[in-house]
Amino acid sequence: MATQEELQALADQEIEDAKPLYKQVNNERLEFSDDDYAQAKIDLGNSKWNSQQFGYIQARQEAYGSIGDQLDMQYKDAVNGTTTWKDHIAKVKSDNPKPE
């Protein structure tokens, strides 16, 4: 797991490597100003940090499947004496661990 400072340094380097960057203002293509570059670095650093810290949430939500599918798994588990739903949830959590 990277620290916030490490991710910010990575973001800073990515923006530096991507130069020149441009923006569209009143139908005119302009290169980023120093302030624009500084803000882009902050934004990318924050995005990287948020993805690292909270990306597992979206990944888990997508992997869990629909509520209907989960209820169907639970019903079949109750009828058949299986643990399909519990196994599925455990796998999703282990495949998408919460950062420590």
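Just so you know, all these numbers are worked out from the coordinates, no wet-lab data involved. Worth saying up front: this structure is predicted, and the values here are computed from it rather than measured. Quick reminder, even Gly has a Cβ in these numbers, built from the backbone with ideal geometry, and neighbours come from all protein chains shown.
What to note about this one:
- If you take all other residues with their beta carbon under 15 Å from the beta carbon of ASP77, and give Lys and Arg +1 and Asp and Glu -1, the sum is 0.
- Peptides 37-49, 15-27, 53-65, ordered by how many other C-beta atoms sit within 10 Å of their residues on average, highest first, read 37-49, 53-65, 15-27.
- Radius 11 Å from Cβ of ASN96, net charge of other residues (Lys, Arg +1; Asp, Glu -1): +2
- Quotient of Cα Rg and 2.2 N^0.38 Å for the range 1-41, N being how many residues it contains: 1.39
- Dimensionless Rg/Rh of the chain - Kirkwood Rh, Rg from C-alpha atoms: 1.27
- Candidate membrane-span-like segments in the chain, meaning DSSP H helices with Cα atoms spread over at least 15 Å of their own axis and a Kyte-Doolittle mean of -1.0 or above, are 4-18, 67-80, with no membrane implied.
- Amide H contacts of PHE32 (H built 1.01 Å from N, under 5 Å, at least 5 apart or other chain): LEU21, TYR22, LYS23
- For the set LYS48/LYS98; LYS48/LYS91; LYS19/LYS48, the pairs lying more than 21 angstrom apart at their alpha carbons are LYS48/LYS91.
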